[in-house]
1. If you take the residues of the range 85-98 that are touching a strand residue (DSSP E or B) at 6+ places or on another chain (Cβ under 8 Å) and more than 12 Å from the ligand (Cβ to nearest atom), which of them is nearest to G17 (Cα to Cα)?
2. Can you run down the residue pairs with Cβ atoms below 8 Å, 6 or more apart or on separate chains, where the first is in the range 1-18 and open to solvent by less than 60 Å² (accessible area, probe 1.4 Å) and the partner is among the basic types (K, R)?
3. Within the range 84-96, identify whether any single residue is over 14 Å from the mean Cα position of the chain (by Cα) and at pLDDT 95 or above, and answer yes or no.
4. Within the range 24-48, can you find the residues that are closer than 23 Å to S4 by Cα and crowded, with 18+ Cβ neighbours inside 10 Å?
5. What residue, among those in the range 49-75 that are within 11 Å of the ligand (Cβ to nearest atom) and polar (S, T, N, Q), is most open to solvent (accessible area, probe 1.4 Å)?
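The values are calculated or read from the model by the stated rules, or taken from the named source; none is laboratory data. Fair warning: this is a prediction, and the values are worked out from it, not measured in the lab. Quick reminder, even Gly has a Cβ in these numbers, built from the backbone with ideal geometry, and neighbours come from all protein chains shown. Remember, those area values only see protein heavy atoms, side chains included, never the ligands or the DNA or RNA. Shrake-Rupley method; radii C 1.70, N 1.55, O 1.52, S 1.80 Å.
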Amino acid sequence: MTDSQRILTPADIHEAGLADWAAQDATLVARFATGDFATGLELVNRIGASAEDANHHPDLTLTYPEVAVTLTSHDVGGVTSRDIDLAQLISGHAADLGVDAASGE
Ligand SMILES: C[C@H](O)[C@H](O)[C@H]1CNC2=NC(N)=NC(=O)C2=N1
């Protein structure tokens with residue numbers, strides 16, 4: 001098993017310090033308050049480019065006010081360093097667009 005296939009512990013995930021993200025069962029989840037569909041589509045496109053580069057793909061939900069993202073490593077059934085790395089890239093794309101994490105339910 002390679003390091004990128006090791007399922008991370010809750011402590012590992014906490015240590016990664018992912019401000020926008022929450023660990024939920026065997027996934028990482030985040031919602032970004034894009035505010036309109038065009039901004040959401042731009043964020044989705046940037047996420048898609050990073051996912052293709054990494055060959056690691058999130059689940060995305062694009063709605064008018066926000067983009068919801070779920071990350072997990074399907075091949076091992078849990079959160080790995082691949083998810084942490086992509087989560088950091090996704091948070092960077094949101095920051096580049098001036099988009100904050102969504103708050104509340
Ligand atoms: C064959 C290809 O490398 C695999 O299907 C990749 C593609 N993207 C992936 N994305 C995610 N989230 N998990 C995977 O296990 C995965 N595997």
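1. Step one: of the range 85-98, the residues touching a strand residue (DSSP E or B) at 6+ places or on another chain (Cβ under 8 Å) are 86-87, 90-91, 94.
This time we only want the ones that are more than 12 Å from the ligand (Cβ to nearest atom), so: 90-91, 94.
Values: I90: 14, S91: 12, A94: 16 Å.
By that ranking, first place goes to S91.
2. These pairs meet every condition: S4/R82.
3. Step one: list which residues in the range 84-96 are over 14 Å from the mean Cα position of the chain (by Cα), which gives 96.
Cutting the leftovers down to at pLDDT 95 or above gives us 96.
Yes, the range 84-96 contains at least one residue that is over 14 Å from the mean Cα position of the chain (by Cα) and at pLDDT 95 or above.
4. T27, L28, V29, A30, I47
5. The selected residue is N55.
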